[in-house]
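These notes concern the structure reproduced below.
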Amino acid sequence: MGEEATDEIKILAKGPTMIAHKYSSFNINGFNFHTRSYDEGRVVQNSGVAVVAESTSFERGNNDNTIIGKKVYYGILKEILELNYHQKGNLVLFMCDWVDNRVQDKWVQTDQFGITSVNFKHLFNTGEKISDEPFILASQALQIYYVPDQVGDSKWAAAVQSKPIGVYDLDNLDNEHTDGDNGLIMSFPDLNGNVTLDIINGDNEHIDGIIVDKKSKKGSKK
């Protein structure tokens, strides 16, 4: 007989309630994220998002050798949703527009200087199709800001990773480059960790939430 499912798996299997909270701002992992609509007209850009995905494949002609690869997805944050699992836990999701990176070096390109540029005229997983997957966990998100190409094609923008506030990578403190005197070190979060229900290490105190009811399809102030 197999092992009994954990309480966490049982809660997730029952699904969330039909009412979710929608926010315009959310703080997590040392980043202050804004939705694209909330970012409009502001000097500081906080709606850029990236996530590192890991894939497993087999070496051609040899099914015994496993190849593990990582791929970075770049996007813009559209919506922030908090799901409630019947008062037993919460999950925060980011819905994003993602740049199409299915073909290498087509709409996401890295030049000889290591600068990655993306083209937001070519998107996928936008949520328009039922097969699309526009959501990620808020805990997986890295913050990116995009610098438009001022010289060449205006459709392209350079993707620059933001620095988390007050986050230190102590394991690599002696080996990694630090920026100035603030001691901030860039590192990707562990995306292989177990999904937990208590991903409310974030902070949404800046923006009042909107209650989203699937039945009525109308929002009301929290």
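What follows draws every value from the coordinates through simple rules; no lab data is involved. Quantities reported herein were computed from a predicted structural model and do not represent experimental measurements. As a convention, Cβ positions derive from the backbone with ideal geometry for all residues, glycine included, and neighbour counts pool all protein chains shown.
Can you give the FRET efficiency for L137 and A158, using 1/(1 + (r/R0)^6), R0 = 25 Å, r = Cβ-Cβ distance, to the nearest 0.05? The value I calculate is 0.45.
Estimated at 0.36 nm per residue, the fully extended path between D105 and E128 surpasses their Cα-Cα distance by 5.8 nm.
First check a/c for segment 1-130, with a ≥ b ≥ c the square roots of the eigenvalues of its C-alpha gyration tensor; if it is under 1.5, answer rounded, and if not, answer prolate when a/b is larger than b/c or oblate otherwise.
Values: a/c = 2.27, a/b = 1.06, b/c = 2.14.
Oblate.
With the cut-off at 1.5 for a/c, could you classify segment 75-155 from its C-alpha gyration tensor as rounded, prolate or oblate? Judged from the Cα gyration tensor, segment 75-155 comes out prolate (a/c at least 1.5, a/b above b/c).
The count of lysine pairs in segment 13-157 with alpha-carbon distances below 24 Å, taking only pairs 8 or more places apart or on different chains, stands at 20.
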